[in-house]
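Here is the structure we will look at, set down as structure tokens.
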Amino acid sequence: MRRMSLAIVVVTAIAASYGLGRYNLHLQAGSTQGRHVLYYVDPMHPSYKSDKPGIAPDCGMKLVPVYADDIGSALSSSLLTQLPAGAVSIDGPAQRLVGIKVAPVERASATRSVRVVGRVVPEDTRVYSVNSGLDGFIRETYHDSVGMLVKKDQKLATYYSPDALSVASGFLAASERVPGFRGQ
């Protein structure tokens, strides 16, 4: 007996919720019937207009109706000409489509701490590569801490190349026989 009464209550609840759902759907449909549809637009490309409902040819989505009262609430062209340069005007239907909500401006504190994951990299405009044109290696660097400022004619590193050593010693050997040359 207890199971039978529980089953009746469950079936009654299901029927009542179904009936309420149908009733609300009917109310919503009735509220839009009083509005006059001007034309239908593609939700992805509002420039596409149609006189009758259907499917958009480019994306296959259902066309969205544009009502007369929506157009009436949009800004007139005379108001658009009064906007300052760089101002943007978005009509009511486009605002609802995108999800823009308009509210009055309020003065409030806006202190917020945001923690994000990131990576610090050097500024590309201040990084220079130096090409010696010879095979070799850096022997020693000077003032090489990150963030140090470099001045003109400052010694940054010593470079060793066996090719440069042989050329320099050949130059010194050849120039010591030149009259008036003082090698240093």
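The values are calculated or read from the model by the stated rules, or taken from the named source; none is laboratory data. These figures come from a predicted structure and were not determined experimentally. Every residue, glycine as well, gets a Cβ built from its backbone with ideal geometry; the counts of neighbours run over all protein chains shown. Keep in mind that these areas ignore ligands, DNA and RNA; they rest on the heavy atoms of the full protein, side chains included. Shrake-Rupley method; radii C 1.70, N 1.55, O 1.52, S 1.80 Å.
A value for Cα extents along the principal axes in Å was derived from the coordinates, and within the list [x] 120, 68, 45; [y] 53, 37, 32; [z] 57, 42, 41 it appears as [x].
Once the chain from SER47 to ALA103 is taken as fully extended at 0.36 nm per residue, the excess over their C-alpha distance is 17.4 nm.
Kindly state, to the nearest 0.05, the FRET efficiency for TYR128 paired with ALA168, given R0 = 22 Å and r defined as their beta-carbon distance.
Values: r = 25 Å, r/R0 = 1.14.
The formula returns an efficiency of 0.30 here.
In this simple spin-label model, placing a label point 7 Å from the Cα along the Cα-to-Cβ direction at both CYS59 and HIS36 gives a separation of 2.9 nm. Segment TYR160..ASP91, full-extension length gain: 17.8 nm, with 0.36 nm per residue of separation and the alpha-carbon distance subtracted. The distance linking region 7-26 with region 123-184 is 89 Å (Cα centroid to Cα centroid, whole angstrom). For the chain, with all protein chains in place and a probe radius of 1.4 Å, 59% of the accessible heavy-atom surface sits on carbon or sulfur. Angle check, please: helix 2-33 long axis (alpha carbons) against the longest principal axis of the chain (alpha carbons), in degrees 0 to 90, nearest 10. Tilt of helix 2-33: around 80 degrees. Toward the positive end of the charge dipole of region 105-177, with +1 on the Cβ of Lys and Arg and -1 on the Cβ of Asp and Glu, the farthest Cα among PRO122, PRO162, GLY133 is that of PRO122.
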